[in-house]
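Peer 1: Here it is, the structure, as structure tokens.
The values are calculated or read from the model by the stated rules, or taken from the named source; none is laboratory data. Please read these numbers as outputs of a predicted model, since none were measured by experiment. Here the Cβ positions follow ideal geometry from the backbone for every residue, glycine too, while neighbour counts run over all protein chains shown.
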Amino acid sequence: MSGASAERECRPPAIFVLGPTASGKTAASLALAREFPLEIVSVDSALVYRGLDIGTAKPGAAELAAVPHHLIDLVEPTERYSAGRFREDALAAAAGIQSRGRVPLFVGGTLLYERSLMRGLASLPAANATVRAEIDDEARRVGWPALHAQLARVDPEAAARLERTDRQRIQRALEVWRLSGKPLSQLLAEGSSQEPPFQALRVALEPSDRAALHDRIGARFRAMLAAGLVAEVEGLRARHALTASLPSMRAVGYRQVWETLEGTESEATLAGRGIAATRQLAKRQLTWLRAMRDVERLDCLDTGVPSQVIGHVGRFLARARLGS
């Protein structure tokens, strides 16, 4: 065994179950936790917020009691949470799990977080209020789709991952370009040379039929509305000094409810807008996933997925000399 290979083998093991929204990640992770000594670490940029429960499909009391979960309910919805902070929190959680003789199981669909954990963080220019104001002014004149087209000319890789109306991410990518003269995708690649902290098995749950995933998304969002998503957002607005620009309120589902409560969009269109936004999120997640290497890909629509994931993890843990 070469020195590099030996070093990789000495890293602690970790398992990742990744996938788009509504792909069955929670069910697969709970099935794994029943079979192996695991603790779940959330890889989800919305689950960190306290009070965002219904619209994030946050694990319920029974799920939390069945297996330890980490990186859920960390901050108030008025706060901001970054990929850098996620990396610090995730490494600390993993160290605690490993000290108990167990294996961290990272579960979620925020793929930027996964990359920050496994490959390190790029050195990016800090936010610049003047440049952002210039971009916002330009967007008011020509629209965000036009700025997306501008981004596609200078950073086609970043643009391919974004919807033409994704204001926040288009703005950041253009801001990085204007401040540094380099594409965001290039800077991310240059900064992602750090060796992974784990010997990792990554499993991606991806649909063989995009329309079937869309059906799942529609059913789940309607169920969220029936469970009281609008009332949840009303309660958050009553308890906190929230604004539409906060990341918590820009999360899919919450943004559409916010627009309804503000009266800028019709309540009659809420379900359709929420479903469309969730489908767009799933599209971005799948684009990101399909660019990843060294991933075991399973059809999330296959009813046998939990047993398939268990098989992959069992073989991986056996190779890692943990037994299975």
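Peer 1: Report, by residue number, each residue of segment 274-301 that is among the charged types (D, E, K, R) and either touching a residue at least 12 places away in the same chain (Cβ under 8 Å) or assigned to a strand (DSSP E or B) (or both).
Peer 2: Listed by number, the residues that qualify are Arg279, Lys283, Arg284, Arg290, Asp294, Glu296, Arg297, Asp299.
Peer 1: State whether one or more residues within segment 159-170 are more than 22 Å from Ser248 (Cα to Cα) and at pLDDT below 95.
Peer 2: Among the residues of segment 159-170, at least one is more than 22 Å from Ser248 (Cα to Cα) and at pLDDT below 95, which makes the answer yes.
Matching residues to (1) aliphatic (A, V, I, L, M); (2) modelled with pLDDT of 95 or more:
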{"position": "Ala57", "(1), (2)": "yes, yes"}
{"position": "Glu63", "(1), (2)": "no, no"}
{"position": "Asp73", "(1), (2)": "no, yes"}
{"position": "Glu76", "(1), (2)": "no, yes"}
{"position": "Val103", "(1), (2)": "yes, yes"}
{"position": "Phe106", "(1), (2)": "no, yes"}
{"position": "Leu112", "(1), (2)": "yes, no"}
{"position": "Arg119", "(1), (2)": "no, no"}
{"position": "Val131", "(1), (2)": "yes, no"}
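Peer 1: Also: Scan segment 238-250 and tell me whether some residue there is touching a strand residue (DSSP E or B) at 6+ places or on another chain (Cβ under 9 Å) and within 30 Å of Asp137 (Cα to Cα).
Peer 2: yes
Peer 1: I want to confirm something. Restricting to segment 59-79 and keeping residues that are more than 19 Å from Tyr49 (Cα to Cα) and in contact with a Leu (Cβ under 7 Å, 6 or more places away or on another chain), which single residue is surrounded by the most Cβ atoms within 10 Å (Cβ to Cβ)?
Peer 2: Val67
Peer 1: Here is a follow-up. Hey, among Arg87, Arg80, which residue is out of contact with any strand residue (DSSP E or B) (no Cβ under 9 Å at 6 or more places or on another chain), of a type outside the set (A, V, I, L, M) and either assigned to a loop (DSSP other than H, G, I, E, B) or not assigned by TED's automatic domain parsing to the domain that holds Leu246 (or both)?
Peer 2: On inspection, the qualifying residue turns out to be Arg80.
Peer 1: Can you tell which of Leu174, Leu187, Leu201, Leu205 is touching a residue at least 24 places away in the same chain (Cβ under 8 Å) and within 12 Å of Leu124 (Cβ to Cβ)?
Peer 2: Result: Leu187 is the single residue among Leu174, Leu187, Leu201, Leu205 that is touching a residue at least 24 places away in the same chain (Cβ under 8 Å) and within 12 Å of Leu124 (Cβ to Cβ).
Peer 1: Please list, ordered by first then second residue, the pairs with beta carbon atoms under 7 Å, 6 or more apart or interchain, first in segment 130-143 and under 10 Å from Gln171 (Cβ atoms), second part of a helix (DSSP H, G or I) and among the polar types (S, T, N, Q).
Peer 2: Arg132/Gln171; Ile135/Gln171
Peer 1: Quick one: how many residues across segment 131-190 are out of contact with any helix residue (DSSP H, G or I) (no Cβ under 7 Å at 6 or more places or on another chain), assigned to a loop (DSSP other than H, G, I, E, B) and closer than 19 Å to Gln280 by Cβ?
Peer 2: 2
Peer 1: Given the options Ser29, Ser23, Ser82, Ser45, name the one that is closer than 18 Å to Gln194 by Cβ and either surrounded by 18 or more Cβ atoms within 10 Å (Cβ to Cβ) or under 20 Å from the mean Cα position of the chain (by Cα) (or both).
Peer 2: Unique residue meeting the criteria: Ser82.
Peer 1: For Pro197, are the conditions met, namely being outside the structural domain of Gln285 (by TED's automatic domain parsing) and not aromatic (Phe, Trp, Tyr)?
Peer 2: Answer is no for this residue.
Peer 1: Is one or more of the residues making up segment 147-160 at negative phi and in contact (Cβ under 8 Å) with a residue 40 or more places away in the chain?
Peer 2: Yes, segment 147-160 has at least one match.
Peer 1: Give the residue that is surrounded by the fewest Cβ atoms within 10 Å (Cβ to Cβ), with candidates limited to residues of segment 245-269 that are over 18 Å from Asp53 (Cα atoms) and under 24 Å from the mean Cα position of the chain (by Cα).
Peer 2: Ser245
Peer 1: Say whether the condition of being in contact (Cβ under 8 Å) with a residue 12 or more places away in the chain, within 22 Å of the chain's Cα centre (by Cα), crowded, with 22+ Cβ neighbours inside 10 Å and not in a helix (DSSP H, G or I) is met by at least one residue in segment 110-123.
Peer 2: For segment 110-123, residues in contact (Cβ under 8 Å) with a residue 12 or more places away in the chain, within 22 Å of the chain's Cα centre (by Cα), crowded, with 22+ Cβ neighbours inside 10 Å and not in a helix (DSSP H, G or I): absent.
Peer 1: Condition check: out of contact with any Gly (no Cβ under 9 Å at 6 or more places or on another chain) and in contact (Cβ under 8 Å) with a residue 12 or more places away in the chain. Does Ala95 satisfy that?
Peer 2: So Ala95 does not fit the description; no.
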